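Student: Sharing a structure here in structure tokens format.
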Amino acid sequence: MQNFIYEMQRTFRSKLVIVMMIIIILASSLVAYGITGPGSPKPVIKPSMTHAAQAVIFNIMNAVFLFLIPVLAIFEGYIIYGKDRTNGVLESVVTRPTTKGQILFSRFFACAASIFIGLLLSTLIIDAGVASYYATGLPLSMMLALIAAYLVAGAAFIGLVFLLSHLVKSQTSVLGLAITIFLVMVIFWDTITFLILILALKLSPGTIGFGKAEVILSFINPAYFGSNVVLYATDVSLFGGFFGTGINPAAYGVTLTSLVAVGIAWMALPILSAYAMAKKFD
Amino acid sequence: MIKYAQRSTFALPMIEIRNLIKRYSGKGPAAVDDLTLTINNGEIVGFAGLNGAGKTTTIRACTGIIYPTSGTILIDGADVVSQKTAASSSVGWVPELPNFEPNAKPMQLLKYYGGFYGMNSEESRTRGMTLLEATGLSGDTNKKLRNYSQGMKKRFSLAASMLNDPRNYFFDETLNGLDPEGIRYVRKLVTELKSRGRAILLSSHILNELETLADRIAIIHRGKLVEVLNREKIDAVMQNGGRLEDHFFSIIGLNV
Ligand SMILES: Nc1ncnc2c1ncn2[C@@H]1O[C@H](COP(=O)(O)OP(=O)(O)OP(=O)(O)O)[C@@H](O)[C@H]1O
Ligand SMILES: [Mg+2]
């Protein structure tokens, strides 16, 4: 246990992890600046926070995190674990008084913690920006939901890269596959799912079946977990379904319990599979 | 807490490999096939075999890098799989191909490794400096490991293996790649470790390297342990001008 904490602290203090946290915080500070900065001059009497305003702000935050969190998570997973695992450097650590499981999980938790702290601080910064413009800040429950949702996405992508590191042998394959995952799951997911629905499943846009299938496909992608949570919480889609389905999953029977269950599964399954692979094939 | 000077189970056989089998894949012969070997306190066992015989596989299983398909490996009585942390606290390993974080400097890594033995930064630094001096690297502490030569990396892995003064050592082709001074150093080191009661498994495919150094020589061929020569047998083979190498070829049934 002591060595678990030792390894976790050491990872958490590494330059890369700290830089990642700073990037998340900087990006969100820009958003906060956008809300409260020159674009929106500070009113003398602060307007009260409306549901519509909340939805706008959460959608903007969602759009930032949707790209940022997977990129940073993938990068961290690669530098902190994937690289060392595939180039063999990890072996000189494994032979010390620790276990493969300890190294795997301590590094995973350190990466996830950095994403969590980055999310927490950025949300607080945005909230402070909002509070300087509006009469009130953002609702706490929604801030927590957004943080939790993107912690899920972050942990899932970190875990996926850890898992990849146990599936392929070379550094370049891990990196190549990680980039492919990013392109497929973040950049082209909307296009890919649209094509699958239209061409393979022969569903037409606007029908109930299409909506249902879109929601299902958005749930098998951890990058869109945050979008689903935001839609579920605000029931407003700003970007015409560009960042996510634009469909409130609640309309298709998704409940809070199922959201939480999917979230836990996305956090746990990739990293547990990575551990199982190490146990089985090393 | 693993303190680096744990000395409780001195009386047990230090390295005990029982019926080790390692298969890398379902089909084909096992890389190591039912290997049983004990290395006692204060004993140097040479581990000889052709390329691909299974030496590195055995050593990697003993250090916990790979898992045995079946069989047990005990280090000072601790099982390498189920009691990995305890087992590893008394093992020093020098890999066949040293591979360290290329962007790190030697002392950074030694401090990092030291933390796993409960050594604080200062303890690791002092101990590390002594070891870097002993391995002839004290002039290269400001270089990153990426700028080390192959032999320097080997010297560094020797230093890293001795960090906590473990009771058991696995040296995989350690003489290979070292300059004459390095070879002499390792020979002296191994003898000195032996005199301090350490158990040492030293793999090599060059039998000349082993014949004067080893107390016993274990010969592995196609994953199977084919013979363990004790000192009397080694001396007997060499007595009448015979060569260990010829004996080796005769038992593995190879005519060269
Ligand atoms: N990672 C691996 N995956 C699959 N097979 C492997 C792996 N490592 C080793 N092998 C196989 O296991 C067998 C034993 O290899 P090993 O490296 O243990 O031999 P060795 O005795 O150390 O040889 P050398 O003298 O060349 O170092 C060989 O047939 C090799 O092809
Ligand atoms: Mg080898």
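The values are calculated or read from the model by the stated rules, or taken from the named source; none is laboratory data. Predicted model, so just to flag it, every value in this text is computed and none were measured. When we count neighbours, we look across all protein chains shown, and the Cβ atoms used for this are built from the backbone with ideal geometry, even at glycine. Only protein heavy atoms, including side chains, enter the accessible area calculation; ligands, DNA and RNA are left aside. Shrake-Rupley method; radii C 1.70, N 1.55, O 1.52, S 1.80 Å.
Student: Anything in segment B:26-66 that is out of contact with any Lys or Arg (no Cβ under 7 Å at 6 or more places or on another chain), more than 12 Å from ligand 2 (Cβ to nearest atom) and within 14 Å of another protein chain (Cβ to nearest Cβ)? List them, or say none.
Tutor: B:Gly26, B:Cys62, B:Thr63, B:Ile65
Student: Given B:Phe100, B:Phe116, which one is within 10 Å of chain A (Cβ to nearest Cβ), open to solvent by less than 60 Å² (accessible area, probe 1.4 Å), touching an Asp or Glu at 6+ places or on another chain (Cβ under 9 Å) and within 22 Å of A:Ile79 (Cβ to Cβ)?
Tutor: After applying the criteria, what remains is B:Phe116.
Student: Just to be sure before I move on: is B:Thr9 modelled with pLDDT under 95, open to solvent by 10 Å² or more (accessible area, probe 1.4 Å), away from ligand 2 (no atom under 16 Å from the Cβ) and farther than 22 Å from B:Asn176 by Cβ in the structure I sent?
Tutor: For B:Thr9, the condition - modelled with pLDDT under 95, open to solvent by 10 Å² or more (accessible area, probe 1.4 Å), away from ligand 2 (no atom under 16 Å from the Cβ) and farther than 22 Å from B:Asn176 by Cβ - is met.
Student: Among (1) within 14 Å of ligand 1 (Cβ to nearest atom); (2) outside the structural domain of B:Ala218 (by TED's automatic domain parsing), where does B:Thr130 come up short?
Tutor: The one condition B:Thr130 does not meet is (1).
Student: Here is a follow-up. Could you grab me the full set of residues in segment A:91-150 that are among the β-branched types (Val, Ile, Thr) and more than 21 Å from A:Val17 (Cα to Cα)? Spell out the reasoning first.
Tutor: We begin by selecting, within segment A:91-150, every residue among the β-branched types (Val, Ile, Thr); these are A:93-95, A:98-99, A:103, A:115, A:117, A:123, A:125-126, A:130, A:136, A:147.
Selection gives A:Val94, A:Thr95, A:Thr98, A:Thr99, A:Ile126, A:Val130, A:Thr136.
Student: Is one or more of the residues making up segment B:238-254 crowded, with 21+ Cβ neighbours inside 10 Å, part of a helix (DSSP H, G or I) and out of contact with any Asp or Glu (no Cβ under 7 Å at 6 or more places or on another chain)?
Tutor: yes
Student: Taking into account only those residues within segment B:166-182 that are open to solvent by 30 Å² or more (accessible area, probe 1.4 Å) and more than 16 Å from ligand 2 (Cβ to nearest atom), which is farthest from the other protein chains (Cβ to nearest Cβ)?
Tutor: B:Pro180
Student: Taking B:Glu192 as the residue in question, decide whether it is acidic (Asp, Glu), closer than 30 Å to B:Gly128 by Cβ and open to solvent by 60 Å² or more (accessible area, probe 1.4 Å).
Tutor: Yes: the conditions hold for B:Glu192.
Each row is one residue, and each column tells you yes or no for (1) within 13 Å of chain B (Cβ to nearest Cβ); (2) closer than 13 Å to A:Thr11 by Cβ.
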| site | (1), (2) |
| --- | --- |
| A:Val71 | no, no |
| A:Leu90 | yes, yes |
| A:Ile103 | yes, yes |
| A:Phe108 | no, yes |
| A:Ala113 | no, yes |
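Student: Might you check whether a residue that is within 16 Å of ligand 1 (Cβ to nearest atom), of a type outside the set (S, T, N, Q) and touching a residue at least 12 places away in the same chain (Cβ under 8 Å) occurs anywhere in segment B:79-94?
Tutor: yes
Student: Report whether or not B:Glu173 is within 18 Å of B:Met238 (Cβ to Cβ) and among the acidic types (Asp, Glu). Don't jump to the end; show me each part of the working.
Tutor: Values: within 18 Å of B:Met238 (Cβ to Cβ): no; among the acidic types (Asp, Glu): yes.
Criteria not met by B:Glu173.
Student: What pairs can you find where one residue is in segment B:47-62 and within 7 Å of ligand 1 (Cβ to nearest atom), the other is open to solvent by 40 Å² or more (accessible area, probe 1.4 Å), and their Cβ atoms are less than 7 Å apart, with a gap of 6+ or different chains?
Tutor: Here the result reads B:Gly49/B:His205; B:Leu50/B:His205; B:Asn51/B:His205; B:Ala53/B:Arg222; B:Thr56/B:Glu96, each pair linking segment B:47-62 to a residue that is open to solvent by 40 Å² or more (accessible area, probe 1.4 Å).
Student: Can I ask one more? Is it the case that A:Leu90 is surrounded by fewer than 24 Cβ atoms within 10 Å (Cβ to Cβ) and within 28 Å of A:Asn248 (Cα to Cα)?
Tutor: no
Student: Oh, and also: If you scan segment A:1-54, which residues turn out to be farther than 23 Å from B:Gly115 by Cβ, among the polar types (S, T, N, Q) and part of a helix (DSSP H, G or I)?
Tutor: The answer is A:Ser28, A:Ser29, A:Thr36, A:Gln54.
Student: Of the residues in segment B:100-115, how many are part of a loop (DSSP other than H, G, I, E, B) and under 13 Å from B:Ser161 (Cα atoms)?
Tutor: Count: 1.
Student: Still on this structure, I have one more. Hey, among the residues in segment B:62-97 that are assigned to a helix (DSSP H, G or I) and out of contact with any strand residue (DSSP E or B) (no Cβ under 6 Å at 6 or more places or on another chain), which one's most open to solvent (accessible area, probe 1.4 Å)?
Tutor: So, considering only residues that are assigned to a helix (DSSP H, G or I) and out of contact with any strand residue (DSSP E or B) (no Cβ under 6 Å at 6 or more places or on another chain), the one most open to solvent (accessible area, probe 1.4 Å) is B:Thr85.
Student: Could I ask something else about it? If a residue must be closer than 23 Å to A:Ile25 by Cβ and crowded, with 23+ Cβ neighbours inside 10 Å, how many such residues does segment A:93-109 contain? Show your work before the answer.
Tutor: Taking segment A:93-109 as the starting set, the residues that turn out to be closer than 23 Å to A:Ile25 by Cβ are A:107-109.
Checking the rest, the ones that are also crowded, with 23+ Cβ neighbours inside 10 Å come to A:107-108.
Selection size over segment A:93-109: 2.
Student: Okay, moving on. Scan (1) touching a Lys or Arg at 6+ places or on another chain (Cβ under 8 Å); (2) under 25 Å from A:Leu119 (Cβ atoms) for the single condition A:Ala149 breaks and write down its number.
Tutor: Unmet for A:Ala149, out of (1) touching a Lys or Arg at 6+ places or on another chain (Cβ under 8 Å); (2) under 25 Å from A:Leu119 (Cβ atoms): (1).
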